[in-house]
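Chemist: Let me give you the structure first, and then I'll get to my questions.
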DNA sequence: CTAGGGTTAG
């Protein structure tokens, strides 16, 4: 029998009310609006409506406008939350860096025997993935099977993803081979798993064997190559992707742009920029950041600035990329101006912004500005200075010659200094020829990180600078004995869209003969300008004559010779080097810029050198 | 609901 109180008309009005409330809820964009609706739900008794409560929860867990604590309160008031509500809470916690709570909630779900559905495992496994929680993943894997989701692609793919992305790639492979329900997502996760851990050959095998590929498959490979430092392979793959008729999307373009940035491949970078304009892709902050970074690292700050001005949503990352761009070009004043502009429009700097602005001060010798900015991190911006900020300060003080002050800063740091911090001081010792301190630090660094070739080289060059050849040779021998290899120096110059690469001392270039002849004629002119090569930064097991030959074959010199040979007088020569420029090459390039009346722009591992009229913008401190 | 993205000191 129907209770008298719920007459048909009343029920109808309640239902209308619920659906009306639902549509209002769906248009909410602020937490306060949600709270108003909840007040209304209390008054009308709609709090008991599971659909409405679920919608409220779903809104509260959204990372952007939501409020997780509020979600938890709402959730706690529900007597017996259903599967959807549990799923939503788990999703909320795993997407808001509170994955432990997500796992905890799942425990509760199990205890109360709340049924699972196909949404449960993807959310839950996302939490495992961000925690790299292998034990929990294995347990959940067992539940996936137990509750009959072992053949559900979403559950299986989520498992594959956790295993693959947390380094348990062999477990992923076993599962992959075992299940018949495989789709493109499964394949992509396998490719990603191998690619993330540098196993590009196996990644490529999976990639080649995929029944079908989509833009994500290609992008996964491209960013895998970028992560492995194989930038050229990344660009080649991007080309191939287009030949296969796959349209690049934002993510593919951003990944490829970072390869261009590393290579200094301005032409390809410009092509991508044009492609974005042509196809009307909206430049979101991530893509904008990649573009700005690419233009900055390829030496075109004007274009970087143009992109910056065009992007609507100027997030802090965009300002940071721009400031960092000015920093590496040695334009400290501009960097400071933009740092101020940023704050004028109400954008707060984050810790990355501070590394950028401190780098700017360091590379431009703005010591006082740098010091006061460092102070302001804590005092004004209420952020805790991180180790990278201390690293910047050691670099700044060290470059400026305040070695003792830099050392003092390291000693009073609240965190344990790492190799990068000591490396900054070591570099300062090289610049300012402080052999005693340099040797001490160098030794410690080599012991701490015996596989890092650069440390031995730095230590050896400090010994050499002091004229202590025996110890310099010994250091190099030490390095050899331990099987540590030094990355070979490589310089690239791009002409008419073709990148020409030069490895030190090689004659692999088709025009090698002409290039070496060109170098001889350059050397002759240099000799007239009273130039003596800086022998101390050479390979050490050679006699003096051989040493001089070796520096004359440094990759940057070959690239410049080639540039002079192949470009019209007056054209700017742009060279990108993978390592730091050597002292002798720096001196020589300054002279060349004067004698040949050329602007030479060289990007080394860390920054730009603009050579003009016999001077360099780095002020000879790099 | 599952797969790919940018800035980061020597």
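The values are calculated or read from the model by the stated rules, or taken from the named source; none is laboratory data. Remember, it's a predicted structure, so these values are computed and weren't measured experimentally. All Cβ positions, glycine included, derive from the backbone under ideal geometry; neighbour counts span all protein chains shown.
Let's see how each residue does on (1) over 25 Å from residue A:171 (Cα atoms); (2) modelled with pLDDT under 95; (3) over 31 Å from the mean Cα position of the chain (by Cα):
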| position | (1), (2), (3) |
| --- | --- |
| A:99 | no, yes, no |
| A:112 | yes, yes, yes |
| A:117 | no, yes, yes |
| A:126 | no, yes, no |
| A:132 | no, yes, no |
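Listed here are the residues, each with its yes/no results for (1) within 16 Å of DNA strand B (Cβ to nearest atom); (2) free of Cβ contacts under 8 Å to residues at least 12 places away in the same chain; (3) over 18 Å from residue A:128 (Cβ atoms); (4) not assigned by TED's automatic domain parsing to the domain that holds residue A:48.
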site: A:64; (1), (2), (3), (4): yes, yes, yes, no
site: A:74; (1), (2), (3), (4): no, no, yes, yes
site: A:78; (1), (2), (3), (4): no, no, yes, yes
site: A:85; (1), (2), (3), (4): yes, no, yes, yes
site: A:94; (1), (2), (3), (4): yes, no, no, yes
site: A:106; (1), (2), (3), (4): yes, no, no, yes
site: A:116; (1), (2), (3), (4): yes, no, no, yes
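Chemist: Restricted to the range A:156-169, and to residues that are more than 13 Å from DNA strand B (Cβ to nearest atom) and in a loop (DSSP other than H, G, I, E, B), which residue is surrounded by the fewest Cβ atoms within 10 Å (Cβ to Cβ)?
Modeler: A:167
Chemist: Would you be able to say whether some residue in the range A:170-191 is within 13 Å of DNA strand B (Cβ to nearest atom), part of a loop (DSSP other than H, G, I, E, B), within 22 Å of residue A:107 (Cα to Cα) and modelled with pLDDT under 95?
Modeler: Checked the range A:170-191: no residue is within 13 Å of DNA strand B (Cβ to nearest atom), part of a loop (DSSP other than H, G, I, E, B), within 22 Å of residue A:107 (Cα to Cα) and modelled with pLDDT under 95.
Chemist: Quick one: is residue A:373 at negative phi and modelled with pLDDT under 95?
Modeler: no
Chemist: Does residue A:485 satisfy being touching a strand residue (DSSP E or B) at 6+ places or on another chain (Cβ under 8 Å) and either at pLDDT below 85 or part of a strand (DSSP E or B) (or both)?
Modeler: So residue A:485 fails the test.
Chemist: Return the only residue of A:379, A:384 being surrounded by fewer than 21 Cβ atoms within 10 Å (Cβ to Cβ), within 23 Å of the chain's Cα centre (by Cα) and free of Cβ contacts under 8 Å to residues at least 24 places away in the same chain.
Modeler: None of the other options fit; the residue is A:384.
Chemist: Looking at A:290, A:304, which one is part of a helix (DSSP H, G or I), modelled with pLDDT of 95 or more and within 9 Å of DNA strand B (Cβ to nearest atom)?
Modeler: None of the other options fit; the residue is A:290.
Chemist: Do you know which residues across the range A:587-604 are part of a loop (DSSP other than H, G, I, E, B) and in contact with a strand residue (DSSP E or B) (Cβ under 7 Å, 6 or more places away or on another chain)?
Modeler: If the condition is that a residue be part of a loop (DSSP other than H, G, I, E, B) and in contact with a strand residue (DSSP E or B) (Cβ under 7 Å, 6 or more places away or on another chain), then A:598, A:599, A:604 are the ones that fit.
Chemist: What are the residue pairs meeting all of these: first residue in the range A:324-351, first residue on the phi < 0 side of the Ramachandran plot, second residue surrounded by 13 or more Cβ atoms within 10 Å (Cβ to Cβ) and outside any helix (DSSP H, G or I), Cβ atoms under 6 Å, and 6 or more apart or on different chains?
Modeler: Filtered contacts from the range A:324-351: A:328/A:607; A:328/A:608; A:329/A:608; A:332/A:366; A:351/A:386.
Chemist: Counting only residues that are outside any loop (DSSP other than H, G, I, E, B) and out of contact with any helix residue (DSSP H, G or I) (no Cβ under 7 Å at 6 or more places or on another chain), which one in the range A:500-521 is surrounded by the most Cβ atoms within 10 Å (Cβ to Cβ)?
Modeler: So, considering only residues that are outside any loop (DSSP other than H, G, I, E, B) and out of contact with any helix residue (DSSP H, G or I) (no Cβ under 7 Å at 6 or more places or on another chain), the one surrounded by the most Cβ atoms within 10 Å (Cβ to Cβ) is A:501.
Chemist: Sticking with this structure for a sec: Only one of these is surrounded by fewer than 21 Cβ atoms within 10 Å (Cβ to Cβ), within 28 Å of residue A:170 (Cα to Cα), under 19 Å from the mean Cα position of the chain (by Cα) and touching a residue at least 24 places away in the same chain (Cβ under 8 Å): A:215, A:251, A:226. Name it.
Modeler: Residue meeting the stated conditions: A:251.
Chemist: Given the condition assigned to a helix (DSSP H, G or I) and either under 26 Å from the mean Cα position of the chain (by Cα) or in contact (Cβ under 8 Å) with a residue 60 or more places away in the chain (or both), answer yes or no: does some residue in the range A:135-155 qualify?
Modeler: Looking for residues that are assigned to a helix (DSSP H, G or I) and either under 26 Å from the mean Cα position of the chain (by Cα) or in contact (Cβ under 8 Å) with a residue 60 or more places away in the chain (or both), one finds none in the range A:135-155, hence no.
Chemist: Any residue that is more than 20 Å from residue A:499 (Cα to Cα) and within 13 Å of DNA strand B (Cβ to nearest atom) - is there at least one of those in the range A:581-593?
Modeler: No, that holds for no residue.
Yes or no, residue by residue, for (1) at pLDDT below 95; (2) assigned to a helix (DSSP H, G or I); (3) closer than 30 Å to residue A:577 by Cβ:
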residue: A:198; (1), (2), (3): yes, no, yes
residue: A:211; (1), (2), (3): yes, no, no
residue: A:219; (1), (2), (3): no, yes, yes
residue: A:222; (1), (2), (3): no, yes, yes
residue: A:233; (1), (2), (3): yes, yes, yes
residue: A:255; (1), (2), (3): no, yes, yes
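Chemist: Tell me which residues, restricted to the range A:314-373, are more than 15 Å from DNA strand B (Cβ to nearest atom) and under 17 Å from residue A:622 (Cα atoms).
Modeler: Result: no residue meets the conditions.
Chemist: Just to be sure before I move on: is residue A:403 away from DNA strand B (no atom under 13 Å from the Cβ) and buried (at least 18 other Cβ atoms within 10 Å of the Cβ) in the structure I sent?
Modeler: Taking the combined requirement at face value, the residue satisfies it.
Chemist: OK, next. Got a sec? Which helices (runs of 4 or more DSSP H) wholly within the range A:403-461 have at least 3 residues that are modelled with pLDDT of 85 or more and closer than 16 Å to residue A:484 by Cα?
Modeler: Per the criteria, A:435-448.
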